């Protein structure tokens, strides 16, 4: 419906357009992902141009017309997450988190829980910049975030029993096509899933983002593969890796 729109939003992506405009992809709690144009914000006298950058959480005033793009008429900062912008690892993780949300939830269907989850992930990345967490911890946090996105999208892998036959014991592999763990009798089209990887997935889905369990790097690799294969088979989607590779 045409007219003014007021909403909170997280800026997922901001692109230059023309001589002074920007096109934004933002995620909102009640309108899903929307695209908007901000006229003249790259001019030095713009009232709110500096806020329309990725990862800003804003209160936005928009105008909805007949076109696909809404027009930005105002923006107030709720949280800028300033510390993550000075930390390369946190900045990279924030980029990947926003990319995952924007691609997995690309419609205007409302998902308030996804909006809140993204805000929590950005806040945690902002808080963790002062710490000395190893790269494996950052990767674990990113993978836990993605597992929760799968849950919100209705794509969470089946972990309580074999996805093929229902067997609850001897769960030794993971099958993306089947949609979850598989037992020894059904493992033909699966890859091995260690106990540490299985426990990480179950605990990450059941705990908050602040309670991510520790896990060795090989298990994280199995978790990332399980997420990737689930998305490829059931959403026909490939995301950026959960974390940049260490040199």
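Taken together, the values in this text are just the output of simple stated rules run on the coordinates, not laboratory data. No experiment lies behind these values; they were computed from the predicted model shown. Neighbour counts run over all protein chains shown; Cβ positions are idealised from the backbone, glycine included.
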So the angle from the long Cα axis of helix 195-206 to the longest Cα principal axis of the chain, reported in degrees to the nearest 10, equals 40 degrees
Rounded to the nearest 5, the percent of antiparallel DSSP beta bridges in the chain equals 90 percent
If one compares the long axis through the Cα atoms of helix 217-234 with the longest principal axis of the Cα atoms of the chain, the angle in degrees, nearest 10, works out at 70 degrees
Here the relative contact order (percent) of the chain, from C-alpha pairs under 8 Å and at least 6 apart, is 16 percent
Residue span residue 203 to residue 68: 0.36 nm per residue of separation minus Cα-Cα distance leaves a gain in nm of 44.5 nm
Computed over region 189-247, the convex hull of the Cα set has an average projected area, in nm², of 5.1 nm²
Measuring from the longest principal axis of the C-alpha atoms of the chain, the long axis of helix 135-152 (C-alpha) lies at a number of degrees, nearest 10, equal to 80 degrees
Once normalised by the length of region 3-79, the mean sequence separation of its alpha carbon contacts under 8 Å that are 6 or more apart gives a contact order in percent of 33 percent
Asserting the computed 222 nm helical MRE of the chain (DSSP H runs at least 4 long, -39500 (n - 2.57) per run, divided by residue count, to nearest 500) equals -11000 deg cm²/dmol
With label points set 7 Å from each Cα along the Cα-to-Cβ direction at residue 30 and residue 236, the distance between them in nm comes to 3.3 nm
Gyration tensor on Cα atoms of region 153-202, a ≥ b ≥ c root eigenvalues, a/c under 1.5 rounded, else prolate if a/b beats b/c, else oblate, says rounded
For region 155-238, the Kirkwood Rh over every pair of distinct alpha carbons, in Å, works out to 12.8 Å
Inter-part gap, Cα centre of region 96-116 to Cα centre of region 135-194, in whole angstrom, is 22 Å
Once residue 136 and residue 42 are pulled to full extension, the length gained, defined as 0.36 nm per residue separation minus their Cα-Cα distance, is 30.0 nm
Projected onto their principal axes, the Cα atoms of the chain stretch, largest extent first, over whole-Å spans of 65, 42, 27
Computed over the Cα atoms of region 29-161, the Rg and Dmax in Å are 16.5, 60
Quick note on 5, 101, 26, 78, ordering by fewest other C-beta atoms within 10 Å, gives 78, 5, 101, 26
Once residue 107 and residue 170 are pulled to full extension, the length gained, defined as 0.36 nm per residue separation minus their Cα-Cα distance, is 18.8 nm
